[in-house]
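Asker: If you scroll down you'll find the structure; I have some questions about it.
The values are calculated or read from the model by the stated rules, or taken from the named source; none is laboratory data. In this text, all values refer to a predicted model and were calculated from it rather than measured experimentally. Neighbour counts are summed over all protein chains in view; Cβ atoms, including those assigned to glycine, are modelled from backbone coordinates with ideal geometry.
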Amino acid sequence: MAKRRKKGPSNTLKAEDRHWYGKRQTARADKSATRTGSATTGPRRESSAVAERQHRRSAPEGPEIVTGRNAVVEALRASIPASTLYVMTGASDDRIRESIKLATNAGVPLLEAGKAELDRLTDRAVHQGIALQVPEYNYAHPDDLLRHGTPQLIVALDSVTDPRNLGAVVRSAAAFGANGVLVPERRAAGVTAGAWKTSAGTLATVPVARATNLVRALKSYQSAGLFVAGLDARGATGIDALDAASGPLVLVVGSEGKGLSRLVADTCDLLVNIPMPGKTESLNAGVAGGIALYEIARHRTP
């Protein structure tokens, strides 16, 4: 398969031509000075950006099987995309009947299966006589999130492993006008039935891209003229005071426990925090991402 070439946004200004470029350079210098043992990195090496541009679209992981009467009916109620509903011969109760009705109305194929077949299909999970096959998600390429003509806004997740947080961030991204969401290929949540459910259907309209290397992807976005702000408790600037919010921006959200990884934090142009006068020390990624995107949207509203 031929490698994918990056489609550079011809209408996007270089970083040094942006009105906030000087602020970015000052912010990076201030951040380096406050980090123990950090050193000036100098100009970014183009090889990283080229490697990311040549990265092929991530291979799909295969379909997901949702098992159990409650889980299946809830997935169908949430209109999660499904390819097949399997029902064991002779199994019947209110939830199974509702699942069959919902699947029929949604045009999901219905197959009757024996217990041995369902055991094999679900890898001997507790299926209660019913299983729903959710097709593999077609991840976008990181470059696909770049758009022409409007101030770009991309949300990147670092070390977020709960699919429900991914779904919540996608829902907030849809509400506040983000182009899409970027996740790492490894050690991170992917688009599952749980993510679909939490997104309340917005995964159908907000693309999720996967990067083999998140740091390289962020540097590629920086080369394309986007300011990268990392949401982290260590940030000295409040998200409400982020001057770059009105321009092309990547918001990076880390996990609740560890925050941003060191390499990702060092790559960000600026670390910002959510001012919290209360006693809570941290928020989960879904909540934090929603608050930050709301503040960014306020800066971008004409």
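Asker: Is there a residue being within 22 Å of T161 (Cα to Cα) and in a loop (DSSP other than H, G, I, E, B) anywhere in region 210-225?
Answerer: Yes, some residue in region 210-225 is within 22 Å of T161 (Cα to Cα) and in a loop (DSSP other than H, G, I, E, B).
Asker: Check V155, V183 and return the single one that is part of a strand (DSSP E or B), at pLDDT 95 or above, out of contact with any Lys or Arg (no Cβ under 7 Å at 6 or more places or on another chain) and within 20 Å of V228 (Cα to Cα).
Answerer: The unique qualifying residue is V155.
Asker: Out of curiosity, is A193 closer than 21 Å to A78 by Cα, in the same structural domain as S261 (by TED's automatic domain parsing) and touching a strand residue (DSSP E or B) at 6+ places or on another chain (Cβ under 8 Å)?
Answerer: Yes, satisfied.
Asker: On the given criteria, is I296 surrounded by 18 or more Cβ atoms within 10 Å (Cβ to Cβ), hydrophobic (A, V, I, L, M, F, W, C) and over 18 Å from the mean Cα position of the chain (by Cα)?
Answerer: Taking the combined requirement at face value, the residue does not satisfy it.
Asker: Taking region 118-159 on its own, how many of its residues are loosely packed, with under 14 Cβ neighbours inside 10 Å and under 28 Å from the mean Cα position of the chain (by Cα)?
Answerer: Count: 5.
Asker: Let me ask you something else. Here is a list: L263, L203, L251, L271. Which entry is crowded, with 17+ Cβ neighbours inside 10 Å, among the aliphatic types (A, V, I, L, M) and not in a strand (DSSP E or B)?
Answerer: Residue meeting the stated conditions: L203.
Asker: Something else: Looking only at region 276-302, count how many residues are in contact with a helix residue (DSSP H, G or I) (Cβ under 9 Å, 6 or more places away or on another chain) and not small (G, A, S).
Answerer: 11
Asker: Any residue in region 245-261 that is modelled with pLDDT under 85 sitting within a Cβ distance under 7 Å of a residue that is not aliphatic (A, V, I, L, M)? List the pairs, counting only those 6 or more apart or interchain.
Answerer: Sorted first by the residue in region 245-261, then by its partner, the pairs are E256/S282; E256/N284; K258/S159.
Asker: How many of the residues in region 221-248 are crowded, with 21+ Cβ neighbours inside 10 Å and hydroxyl-bearing (S, T, Y)?
Answerer: 1
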